[in-house]
Structure formats: C-alpha cells, structure tokens
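Below is one structure, written out as structure tokens; the observations come after it.
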There are 4 protein chains.
Amino acid sequence: MKISGIFAPIPTPFNEMEEVDFSHLGENLVRWGSSSLSGIVVLGSNGEFVSLSFEEKVKTLQFCRDNFPAEKPVIAGAGCEGTRETLRLARALAEAGADAVLVVNPGYYKSNLTETALEAHYRAIADGSPVPVMIYNMPRNTGINMSASLVSRLSGHPNIAGVKDSSGNIVQITTIIKDSREDFSVFAGSGSYFLPTMMMGGAGATMAVAAIVPGHCAGVIEALETGDLAKARELQMQLMDLNAAVTTKYGIPGLKYALDQVGFYGGPCRRPLLPLEEGPAGEIRSILRTLGFEV
Amino acid sequence: MKISGIFAPIPTPFNEMEEVDFSHLGENLVRWGSSSLSGIVVLGSNGEFVSLSFEEKVKTLQFCRDNFPAEKPVIAGAGCEGTRETLRLARALAEAGADAVLVVNPGYYKSNLTETALEAHYRAIADGSPVPVMIYNMPRNTGINMSASLVSRLSGHPNIAGVKDSSGNIVQITTIIKDSREDFSVFAGSGSYFLPTMMMGGAGATMAVAAIVPGHCAGVIEALETGDLAKARELQMQLMDLNAAVTTKYGIPGLKYALDQVGFYGGPCRRPLLPLEEGPAGEIRSILRTLGFEV
Amino acid sequence: MKISGIFAPIPTPFNEMEEVDFSHLGENLVRWGSSSLSGIVVLGSNGEFVSLSFEEKVKTLQFCRDNFPAEKPVIAGAGCEGTRETLRLARALAEAGADAVLVVNPGYYKSNLTETALEAHYRAIADGSPVPVMIYNMPRNTGINMSASLVSRLSGHPNIAGVKDSSGNIVQITTIIKDSREDFSVFAGSGSYFLPTMMMGGAGATMAVAAIVPGHCAGVIEALETGDLAKARELQMQLMDLNAAVTTKYGIPGLKYALDQVGFYGGPCRRPLLPLEEGPAGEIRSILRTLGFEV
Amino acid sequence: MKISGIFAPIPTPFNEMEEVDFSHLGENLVRWGSSSLSGIVVLGSNGEFVSLSFEEKVKTLQFCRDNFPAEKPVIAGAGCEGTRETLRLARALAEAGADAVLVVNPGYYKSNLTETALEAHYRAIADGSPVPVMIYNMPRNTGINMSASLVSRLSGHPNIAGVKDSSGNIVQITTIIKDSREDFSVFAGSGSYFLPTMMMGGAGATMAVAAIVPGHCAGVIEALETGDLAKARELQMQLMDLNAAVTTKYGIPGLKYALDQVGFYGGPCRRPLLPLEEGPAGEIRSILRTLGFEV
C-alpha cells in the first residue's frame, strides 16, 4: 500500500498550563476526520514533538488514533537523537495504533552524522519497527540535509515507505522520484511547493496549511488530475502567503493562531515558543480574509 | 517585448594559452544559431566573466552579436562589484550590440549589502542602462540571495525586464511570478528545475544544458504546451544527471568537456578552474551515451 | 562562589549492549577525582546526553556525585528543547546532587528562537532552578549562536553563574568578559582556545582533553599564573592536535578511543555514533605517543 | 626579512563624484607616515579594491608608495578571481613600487575552488610575482575559508611571506603558527583578536582600527613585550567596540566616518556601499568619545 494524498501535520493543543488539551484535540479531530484529508501526522515538527515527554507522545498518538476515522492513516513522529531511543518510541507508538512512523534524522552530532551513519541509523530503525517508516528530511530544523542519493538508497529497504522532504528543494525531490522505486512515496513537506512536487510525480504532501484549508488543498490535486493546469496553478498561488505565515515566517505560533481564527482550537505553544505578536496576527487575519474567511 | 524561451549561457572558449579563442567561438555560434535556442547569454557565470578583463568582455560580446542570427537576442553579463563599474560596462556592452544586460548582484561586502543597498544598486543601473536589465540571482556563487520581495519590488522598474533565478528555490520562483507584473520574465537559472518553473508560469530558462542539447530542452516546452505532462516530465527527468554534471558537480570544466564530446569546442578554462579529472570525465561520457550520443 | 578552573566534560560509558556501564564509570571517577581537575561536567555533549532518557540522566548524575570528591563540583547537563522539560530535569538533577546545571540552548525551531525567546527561556530556567545555571553555547551542534550581548544581558540574573562558550570565537568570548559582571564565569568550551580564553580573563575551561590529560591542562594555567607565557604557549600548542582529534575531527568516538588507550574506560558510543575507523584510530595513537604515552 | 608589526589597511578616499581623491589621500598619508604604524596595506578590502579598475589600482598604489616613508613597507592588494589577471596585476603593482602583494583567494566558483585549485592558484602567483606574496584569508567576504593545513603547506613556498587571517578563528591562527615555518608572518586580520594572535606567536596585525588609533594599537604590543599582561588586556578591551563598529557592524562607511571625526579624510564610498545612517554615526561618535576624542 503506497501512502499518498494530503496529510495534515497537526499541532498538539495545550491549555494555559502547557498541558496537553485532549478535549480540544478531540474536537479538532472530529472536524479533520470529516474533511477531505487523506490522513494526519501526529508528533511532527508542528506537533512540538521535541517538547513532549515519551509518555505524552504515546498518549497523544493513542488518543488521535482512537478519535480519527479508522480507514484514514495516522502517522506518528518517532524520531529521536539516538537510534535506540527512536526504536523504543517507534515500537510504543506502533503498539498504540500508529499506521506508520515518521522519523526525522538526528542532528546534534553534526560532524559525526555522515551518510554512512545516517544510513545505518535508518536501516536499524526500519529493521526493528513493526510499522512502515517514513523518512523525514527537515534541514531547516536539524541542520542536516539528507541527499537524494541517500534517500534513494534507503528506498530499497522494504520497510521504508517514503520520504517527507521539507527541504523545499525541487531538484532534490525530482531526483529522489527519478531514482527511487516506483511505489516509494515522495511527499512535499510544505504547502509552498505542493503543486510542483505533484507535477513531478510526488505521492502527496504533509503540510501545515492542510490543517487550516484541507478542501483548498484537495482542489489542487483535483485540478491537476483533470488536466486543468491553470486552475491548479491558481489554487497553489493562493496558498503561498498563508503557507509562509504558518511555517517559515511565524512557525507554530502562526499556525495555532490561524487555526483559532477559523474555528479549530489552536491555543498556546509550549515555551520556548512565544505567543504570536500583534503585527503577525494582523497579517494572518488579513491573509485569511483574502481566502474568504470572515475574521 | 517580453524575453522568453530557452537561452544557452555559453562558455567563453580559450586556447591553451588561456586567450579567448574567437575562431572556435565562431564555429560554436554557427551551430547554436541554427538550433532551436531562442537566444544566448554571453559573459554569464558559464562565460567565466569574472576572469575576463573589461576589454575582453566587450570584444567577446561584439563578436557573438556579429556572429549570431540578428533576430535572436544576445544577452550580455554586465555585473561588477561596483555600481559605477557595472554602469560603465553595461553602456559599453549595449554599444557593442547587446540586446539586454544580465546583472549579477555584488557579493563581496556581504554585511553592507542590505536589500536597501541592492535595490539602490539595481535602480541606478536600470536608470542608466541603454538596454533592458535582467536581474541575475546566483546565491551559490555570490553568497547572497535576492529575496522574492526584493525582486518583485524591482520588477516595477520599466527598464528591468526580468530575473534569472539560479537559487533553485521553486518557492521563491513561484512567489516572484505571483507578485511581479504580468510581462516580467522569470527564468530558471539551471536545467534541473526548468519544467517546474515553466509549469508555475516562468518565461523561460537560461541553462548550461541548453548549450549541449538545445533540441531536448525545446522538447520540454513543446510537450508542456501540448498538454502532454507525462512526456514533459520524462524529458525533464532525462536532463537531471547531465545538468548536475555540468553545473553543481563539476562546473564549467564539466560543461566544456561535455561540449567537446558532442562536436562543439569546449577547451580549457582559465585558472583557478582546473581541467576535469578522468573520473568525472568518464561519468559525463556515460551520461551522454544514455542520452544517445556516441562518445 | 565563582565557578573556575579546569573541568572535564566526561563521556557516559556504555557496555556492548549500549547500556550505561556504572562499573567502569566508577573506576574512571576514582582516577579523575584524584587528578588536578577542578571538577567534572556530566551529561554534556560528550556525555551523549541527547541519547539518554530522563531516568538515565538522573541516575548517572547521582552516581557521579556519589563517587566524586565532595569538595569538587559536579555540573550536570540539563538542556532540553522545551523550557518546561528543562526545568523538570534541572530540578531532578539538583535533587540528585548536581552543584550547578549546564543548559544548552534549544535549537530545533530555529526561526522562532529569537534572542527574545532565548532570553525568556533562560530566565525562566534560572528563576526555577534550585542550583546555579551555566549557559552552554554550542553553535556547531545546535545551529544557533548565542551572541555576546545576549549572554551579557543574562549575566545580570543572580542565578546564572557563567557560560561555557563552545563557539571557539575569541572575539565573542572577549566581548562577553568585557560586558559581564566581574564574577561571571566565562569558560572556554574546548581545549583549542583554552590559553587565549584564560589570557583574556576567562575563568576556566570545560574541555574534552582534560579528561585525557588533566595534568597537562593544569600546567597551562600554572605557567600563565607564573608569567611564563612562552611555556604556556608551548603547552597549549601541544594540546592542539589531540584536541582536534577528540572534538571537531572524530568527536566522541575519538574521545572514547583515546581514553581507552591511556587507561580509562572509553568503550562504545550509542548509535547513531559509529565506532572509530582504523585510520583515525592510528592517528590518535600517534598523537598520544607524541605526548609521551606508550600506546 | 619577516613582515611584522601593525599595518593599517587604508581606505581609498573618493570625492563626491566617486573619483579617487589623491589630494586628501596625500594628507592622510603624511599623518599615517609619522605615526607608530609599521606600514600600510593599500587596495585591501577596506580600500574598496573590488570597485576600482585595474588602472586606478596601479595609480593609487604608486601614489601611496611615493607619499609614504620609504623605510616603511607598502603592501598592495592584488587578488582577482582569475590566476592570470592576478599575476598581471601583481606585476604591475610591483613595478609601481609595492613591497609585497596581498592576495585574497578567489571565491566566485565556490564548488570548483577545492584546496587543490587554491593551492595551484597561489603557487602560480608566488612563482610569478616579483615581490613576496601574502595570503589573505577573508571568509566573511569570499565565502571560502582557507584551512590551516592549506596555509601551512603554502608557507613552504619561498615567495609566500605570510598570511593575513581575517577569519577571526583563533584556533586556526594558532594551528597555522604551530605548523608553518619560523619566519612565516601570521597576521591578525582585524583588531578584535589582535592581542590573542600576538600572544599565540603572531607577527602582527592588519586592522582597520590602526588607521584611526595607531598609537593605541602600538601600546598593546608594547605592554605585551614588557610583560604587562593586564595592561595589554585592558588596551585590547578598549579597542573592541570601535573595531566592531568599523568592521562587522558598519563596514567601510563606518571606518570612513570615524576617520572623518578624528581629523583624517574619510569621505564617501563608491556604491553599492551607502553612506552611514545617523544612528550608527552617533554610536561611532560615542565610542570615539569613550576613547578620549572630542567629537
């Protein structure tokens, strides 16, 4: 089964005490579950996974799996700095119901993290994980880029199902698609290069904007599949500003603020992420109005 | 008149004494002139402009304009570190026949080259240049990236005709297209993201591979215009390895070697660029064979 | 009490199963305890803290405190990506006996980690930590540099005792010393700029080489204090190659290998860190021979 | 003859038309000539060499040599992107009176500029230059760092006299001193790490602040030579803010502004460098007042 379509990398909601807010999470899941999303990614970068304890991660994943339509996949972030800890987490998440695990590469010991070390890391995890592994390349956050040749080599492992490439590098994405096996799922990691990735043969996208405007995102694929390139391009263009605001420009505080504006629960982040300031907040409201929301 | 189509950024041929070899240049121009190229770029990065004197630049441009079909544009690289020197060169090149000038941003005084300084630089040049200016964003070589918002602001100047964006950043390219005036020409600066750029509304490309396989490149546009996305994608995929070999991997020595293999004159580079080593040479011959050349 | 002198950032020893090897750790501590070291840092970068669980961290610190001379400080790494989790860990480590906590800055959400966010993060931790906080600036691993002005501002907090600066930037270190309060402890974070830091007014160093050759390191300070600059310089020069081998060149696998050669227990690392290859191993043995070891 | 002592990298003065202002240059030279400077560097980064034509460079150097005390060396910047052009310029500058040439590494074709290419470049220049060559490592501007091992290898060439290292990396500087021949001159490239460089065995410094406060700079060496480390450190600390203001923070516009304040002629820069804004100007005046100037 090839993983494909549009996935929302959902944020983990907190209350004012910075505790996981399962009640609001449940309400969000109902709404995402009935949208055109193909599935969700829990405990990704937008899920503030680095600020959650092991126990919180497992509990949050389990809650999501239990409260999301069974036929739609729930992918869970399992990446840690250590191979051993990543495996331990992947097993716990799989047991708690994860359909696949998303494994971001370690990044702390940069000078030791050669391609040889990274390849051994992923192979060990793929060997030991009870569910398929999706590689997560996020150079902006980890400081390491997983090259197209490394990812293509790893695509040969039967338990590595795909890659979420958040580099934004369309040359790298194109090269991975060219050099990997047919059913290897190459996902855009952000909405700003969603259409280019799909046009070059990508399988889908995991993108923050899909949590806010899932229908709009589905429209891009629809237009592309019906051969209406002009329409697909127009819809993609409309996503650019919102995407930038909730990713590179303002990050998760921006994403949570936008969700709050359109009827989901966003809420505060765990520190060190600070609340959105008023200027950016106004900019996001303005972008949302352009997209038809009354905010 | 909007600049569009496929341009080859031609290398400057040298003899074994590192002098400009006009005889071989003439032969190359005949062949490029009768190909499906829309035009050529002289004195770009591939033209080793940083290793040519002011006089050599003007003479080389003049020779190219005189030996290339009059109806096809010849764009000339005019970028220098100083505003004053760039203007002086732009005027000399225009007088020698350049149809437009390609102006790479200065990059030496990085901490002073704010967007304000770069905007003033380009406006001064556009004000004074007798021919249209094309911005050249080449962060890999200059160490500075010209942001989408800066380029879009500059697109408001009537004598700035377009941008050659060599960042490879499809998000940036998409944003420039979205935010610039309708007839502003956005060019892919390398063949590896040619199709994605065209699909997002780009006007063309200036790419090293077009000097080697102009017909193949023209095929991509043709397939795209006839709505045959699968064919366009296949042709783009076939360009990837050759493009990498003659740009990011081996640079101009790779490009000149490839030209030598397929019947053009490539010849040596000026130092500090060293001749291609045997390993990369073999790799390039192998790639060319895959593309149907008998080498 | 100003923290000063030479601290060894000790590695966490593992057995072949990658479990913490307390028996060998105990033997190492006896030897370090009777050396000229002023103290040790546990759970720093060399301690592979990112690959240890919360429980392992607390247990390891407690073991070290219990098995190291009571009059010599034991500093414990407490940095996590989240403010909340860092505070929880700092409290647990303090309760387990840590004399101070070393807090590396978070680095994952780079674009949100402005100086404002980092300052709030450190102030919250310093407010809540039962023991003094030492800032740990490690840009090579976190991808973020804490500027001199940020560190100097933080030096105003009464519970922030100093900084371990591993940037290797002597200009930054000099500026911090110049702009911080008199009794703020500025530590070199690596042995390669130990003497320059001390000469500019630094309080000490936390450096991997101190775990291997503590006496040699103490000699540098001694020579400096007796005004024998030539001798201090000579001793510093002799440290350069060993320091490079066990830090920037080969990292913790190099450090553990070197320890194994000179009578300590080094042992394996947790993956993704791979065992040292034979070439680097030979290089380290050769460097150690130059320093007088029979290996 | 080992090049040593304090050199001022003098700015090239321009009038309001951006033409070289020889009259004011002459006045500045009289004053620098009677100061405690060991010599000057003309056409360095502070000399805006990248914005001068070949002819302007030769004429400016000749003027400086003719108007500076004969017993004090005048070093001239000769670095260009091409090996051939660098050689041509080095010969012209030597003929015009340069005592040595300072050669910054090329930086445009970054991916081709391997250590092999850079070594061949410098050897060819050293072979052909009539006067000694000084390597100029300026990673902040060129985007390339020349490693300690490359510089040490090049120190074996009899016509390569030294290096001006503007990396600010004291570890690299220490390693170069350790691994190069005895009479190889290692110069700090900026005033912010002047004392650390001298203490580790450096031969001198080429630093912008020396153009403003040459006597203060000479005091640092004097204190160091008389064994008064505390005094040397205090003088170094006093240089930090001024040095930052006229280099990393505000660059040449800052340096020229400061010169204007203290009785030299600074004047405008060539574009793209913009005039200093009022905020930074006030900051520089304030720093100068702290150093005892009435401005």
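Of note:
- Scope the range D:245-264; condition farther than 23 Å from residue D:189 by Cα and either of a type outside the set (S, T, N, Q) or crowded, with 23+ Cβ neighbours inside 10 Å (or both); matching residues: D:263
- Checked against (1) touching a strand residue (DSSP E or B) at 6+ places or on another chain (Cβ under 6 Å); (2) surrounded by fewer than 17 Cβ atoms within 10 Å (Cβ to Cβ), residue B:124 passes all but condition (1).
- Restricting attention to the range D:268-295, the residues being in a loop (DSSP other than H, G, I, E, B) and open to solvent by 20 Å² or more (accessible area, probe 1.4 Å) number 11.
- Subset of the range A:6-19 (residues that are crowded, with 19+ Cβ neighbours inside 10 Å and more than 12 Å from the chain's Cα centre (by Cα)): A:12, A:13, A:14
- Looking across the range A:21-33, the residues that are touching a Phe, Trp or Tyr at 6+ places or on another chain (Cβ under 7 Å) and surrounded by fewer than 18 Cβ atoms within 10 Å (Cβ to Cβ) come down to A:22, A:24, A:27, A:31, A:33.
- Within the range B:127-143, being buried (at least 18 other Cβ atoms within 10 Å of the Cβ) and either closer than 18 Å to residue B:78 by Cβ or in contact with a Leu (Cβ under 6 Å, 6 or more places away or on another chain) (or both) holds for B:129, B:131, B:132, B:133, B:134, B:135, B:136, B:137, B:138, B:141, B:142.
- Every condition in (1) at the interface with another protein chain (Cβ under 10 Å from one of its Cβ atoms); (2) surrounded by fewer than 21 Cβ atoms within 10 Å (Cβ to Cβ); (3) at positive phi holds for residue D:238 except the one numbered (3).
- Summed over the range D:34-89, residues that are surrounded by fewer than 24 Cβ atoms within 10 Å (Cβ to Cβ), of a type in the set (Val, Ile, Thr) and within 17 Å of residue D:264 (Cβ to Cβ) total 0.
- Checked against (1) within 19 Å of the chain's Cα centre (by Cα); (2) within 14 Å of chain D (Cβ to nearest Cβ), residue C:151 meets all criteria but (2).
- Residue match in the range D:170-188 (condition: in contact with a strand residue (DSSP E or B) (Cβ under 6 Å, 6 or more places away or on another chain), open to solvent by 10 Å² or more (accessible area, probe 1.4 Å) and within 14 Å of chain C (Cβ to nearest Cβ)): yes
- Entirely in the range A:15-118, the helices (runs of 4 or more DSSP H) that have 1 or more residues that are farther than 27 Å from residue A:217 by Cα, facing chain C (nearest Cβ under 10 Å) and at pLDDT 95 or above: A:54-66, A:83-95
- Some residue of the range C:191-200 being away from chain A (no Cβ under 14 Å) and touching a strand residue (DSSP E or B) at 6+ places or on another chain (Cβ under 6 Å): yes
- Filtered by the rule that a residue be over 18 Å from residue D:38 (Cβ atoms) and either crowded, with 20+ Cβ neighbours inside 10 Å or in contact (Cβ under 8 Å) with a residue 40 or more places away in the chain (or both), the range D:218-235 gives a lone residue, D:233.
Here's the yes/no breakdown for (1) charged (D, E, K, R); (2) in contact (Cβ under 8 Å) with a residue 12 or more places away in the chain; (3) more than 24 Å from residue B:86 (Cβ to Cβ):
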position: D:2; (1), (2), (3): yes, yes, yes
position: D:14; (1), (2), (3): no, yes, no
position: D:17; (1), (2), (3): no, no, no
position: D:32; (1), (2), (3): no, yes, yes
position: D:55; (1), (2), (3): yes, no, no
position: D:68; (1), (2), (3): no, yes, yes
position: D:71; (1), (2), (3): yes, no, yes
position: D:91; (1), (2), (3): yes, yes, yes
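- Note on the range A:52-86: residues that are among the aromatic types (Phe, Trp, Tyr) and closer than 17 Å to residue A:132 by Cα amount to 0.
- Listed by first and then second residue, the pairs linking a residue in the range B:263-281 that is farther than 18 Å from residue D:113 by Cα to a residue that is open to solvent by less than 40 Å² (accessible area, probe 1.4 Å) and of a type in the set (Lys, Arg), with Cβ atoms under 7 Å apart and 6 or more places separating them unless they lie on different chains, are B:266/B:256; B:267/B:256.
The values are calculated or read from the model by the stated rules, or taken from the named source; none is laboratory data. Here the structure is a predicted model, which is why all the values come from computation and not from measurement. No Cβ is skipped: glycine too gets one built from the backbone with ideal geometry, and neighbour counts run over all protein chains shown. Side chains are part of the model used for accessible areas, which takes the heavy atoms of the whole protein and leaves out ligands, DNA and RNA. Shrake-Rupley method; radii C 1.70, N 1.55, O 1.52, S 1.80 Å.
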